[in-house]
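Worksheet: the structure to be examined is printed underneath.
The values are calculated or read from the model by the stated rules, or taken from the named source; none is laboratory data. Since this is a predicted model, take the numbers as computed values, not measurements. Here the Cβ is made from the backbone with ideal geometry for all residues, glycine too, and neighbour counts use every protein chain on show.
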Amino acid sequence: MQFIVIGCGRVGAGLAQHLSQRAHAVTVVDREPTAFGRLGAGFQGHTVTGLSFDREVLLHAGIGRTDGLAAVTGSDATNLVTARLARQVFHVPRVVARLYEPRKAEVYRQLGVQTITPIAWGIQRLAESLCYSQLYTILSLGSGEVDIVEVELPHLLIGRTVNEVSSAGEIQVAAISRGGNTFLPTLGTVFQAGDVLHLVVLATSAERLKALFG
């Protein structure tokens with residue numbers, strides 16, 4: 001797949017390297033040519049110097065044929081303008097913008113731009129790390145609205161069914177690992193001792209989840 005990374009700071013360079021190492025074609029755009037030094041000598045992608053919201057710069061970066069664009073500069077305004085251009089003018093299928101101000105996120109999600117707010121996300125993860133919990137968040141989806149959570153089955157839930165711990169639109173048991181195998185359960189699947197549950201959870205339902213499995 002082909003991707004464009006806007007901004008070659010630590011996040012942009014790390015993302016570009018990560019994608020390139022997985023055999024994707026990556027082009028990095030930054031207004032400062034010295035920033036590309038962060039990519040390292042082994043980077044296999046391309047670099048373009050210029051303003052990310054300049055039409056000619058984006059065309060030179062291959063935006064007309066890219067599968068996705070990530071705007072991760074240090075400026076919310078630059079990231080959002082670039083993301084809107086990519087989504088609404090060039091119709092890039094997957095567009096993500098990093099935001100430092102979480103209050104703006106919902107506005108831009110309504111415009112079709114997916115946003116990542118590292119401060120809000122980081123605060124939540126730091127709090128989880130400081131407070132012991134048997135619940136492990138292994139992945140956040142979208143802008144952190146939905147989490148994939150792994151949990152060892154509490155003793156009190158042995159013999160209960162998937163339906164009894166599911167809550168439509170809030171908590172769903174996506175998979176169960178049992179005896180070295182992982183499978184997709186039905187609502188009638190009965191929990192057994194030693195089960196590890198893989199849950200899809202609405203972030204706003206975290207307290208409900210903790211009460212259920214705590």
_Qualifying positions in the range 17-35 - farther than 13 Å from Thr73 by Cα and assigned to a helix (DSSP H, G or I)_ = Gln17, His18, Leu19, Ser20, Gln21, Pro33, Thr34
*asked:* Can you tell me which condition Asn79 does not meet? The list is (1) within 21 Å of Glu145 (Cβ to Cβ); (2) modelled with pLDDT under 90; (3) assigned to a helix (DSSP H, G or I), and all the others hold.
replied: (2)
*Quick one: Val5 ticks every box in (1) under 20 Å from Leu141 (Cα atoms); (2) in contact with a Ser or Thr (Cβ under 8 Å, 6 or more places away or on another chain); (3) at pLDDT below 90; (4) hydrophobic (A, V, I, L, M, F, W, C) except a single one, so which number is it?*
(3)
_Suppose we keep only residues that are surrounded by fewer than 18 Cβ atoms within 10 Å (Cβ to Cβ) and among the aliphatic types (A, V, I, L, M) within the range 49-70. Which one would you say is farthest from Ile4 (Cα to Cα)?_
Leu51
*asked:* Could you tell me how many of the residues in the range 25-48 are buried (at least 21 other Cβ atoms within 10 Å of the Cβ) and of a type in the set (Lys, Arg)?
replied: 0
*How many of the residues in the range 179-204 are part of a strand (DSSP E or B) and in contact with a strand residue (DSSP E or B) (Cβ under 7 Å, 6 or more places away or on another chain)?*
10
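Would it be correct to say that Glu145 is touching a Lys or Arg at 6+ places or on another chain (Cβ under 8 Å) and over 15 Å from Asp195 (Cβ atoms)?
Details: touching a Lys or Arg at 6+ places or on another chain (Cβ under 8 Å): no; over 15 Å from Asp195 (Cβ atoms): yes.
Answer is no for this residue.
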*Scan the range 22-44 and report the pairs whose first residue is of a type in the set (Ser, Thr, Tyr) and whose second residue is in a strand (DSSP E or B), with Cβ atoms within less than 9 Å and a gap of 6+ or a chain change.*
Thr27/Gln2; Thr27/Phe3; Thr27/Ile4; Thr27/Val5; Thr27/His46; Thr27/Thr47; Thr27/Val48
